[in-house]
Amino acid sequence: MSLTTTLKSLLPERLHGPLKEAAYRATSFLYAGDRYECVFCGGRFKKLLPRGLSYGVLVDQHVVGGGIRDNAFCPRCLSYDRERLVYLYLKNETDLLRRPAKVLHVAPERQLLKVLRRHPDFQVTTGDLFCKTVDVKLDVTAIQFADHTFDLVLCNHVMEHVPEDRKAMREILRVLKPGGIAMLQTPISLKMAATDEDLGDIPESERIRRFGQKDHCRIYAQADYPQRLRECGYEVELFRWWETPGHYGGKDNRSALNAEEVVFVCRKPVA
Ligand SMILES: [Zn+2]
């Protein structure tokens, strides 16, 4: 581990919000370079920080977005690879950031939320079941908003925590306007033939061993996750950013995206 990585690791993991951002910003010069450029803060870096967990199942089952990976976390603005990808997808592949829109952002990623909040014609509502700094307390399996309310629902890295994930998927579909989009990114196995889940009352140690995190109910398989979403009523498209040169930092991955992360674009049918 390098000196700079060691220095970063000394910052308390639970140092939250503006204080944490200020601490990172103050030391981000240690990463200065021109290999990568953050789409949120514009910082240029020789490398970004590694992020992810090192539990065996995440490596063994090739879990994208779960296991430890290099260049995942911006040393200045603290954005994750997955929120940079979602932002670039919305910006480049949809018109959602260029027109008025109502947005529900569940378990909001900080930098992605800042971009949405800056949009003059956006009505953004943030929600979470546990976090206190959001607009509304929100249970994704019983959403308190009317049918056809939102143009966009962002709910990334949530479904793997929710026992009744299909109910949550249907609830999000219900509150989307026809033609609206949900982003339901999740850690996902490229190796497993089928999603592995256990909704029973199993100990944390068993969840870590089997699902790679103490509060996860499952590991989704890329082989069947889209089908689960389709069965809940979505039109699902798999978008592979590396097949679209230019906007995503090109083949040298200048935006420091996860090289294997597919975007699961979940659209509510119009008819
Ligand atoms: Zn940044």
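Overview of results
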quantity	calculated
For the stretch 44-75 and the stretch 202-271, distance of Cα centres in Å	15 Å
Shape category assigned to the stretch 81-267 from the gyration tensor of Cα positions, a/c cut at 1.5	oblate
5 angstrom amide H check on H105, placed H, neighbours 5+ away	T125, T126, G127, L154
Euclidean distance between Cα centres, the stretch 183-201 to the stretch 106-163, Å	22 Å
All lysines inside 21 Å of K47 as judged from Cα atoms, apart from same-chain residues fewer than 8 positions distant	K8, K20, K251
Contour excess over end-to-end distance, with Cα ends at E260 and K47 and 0.36 nm allotted per residue	74.9 nm
Chain lengthening between F239 and K251 when straightened (0.36 nm per residue, less Cα-Cα)	2.7 nm
Relative packing of peptides 163-171, 192-200 - highest average C-beta neighbours within 10 Å first	163-171, 192-200
Sequence-separation-based contact order of the chain, relative, with Cα cut under 8 Å and 6+ spacing, percent	18 percent
Added length on full extension, which subtracts the Cα-Cα distance from 0.36 nm per residue, E206 to K167	11.6 nm
Residues K177 and D139, FRET efficiency given R0 of 25 Å [Cβ-Cβ distance, rounded to 0.05]	0.75
Percent of beta bridges antiparallel (DSSP, the chain, rounded to nearest 5)	50 percent
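Every number in this text was worked out from the coordinates using simple rules, so none of it is lab data. Quantities reported herein were computed from a predicted structural model and do not represent experimental measurements. Cβ: placed from backbone, ideal geometry, glycine included. Neighbour counts: every protein chain shown.
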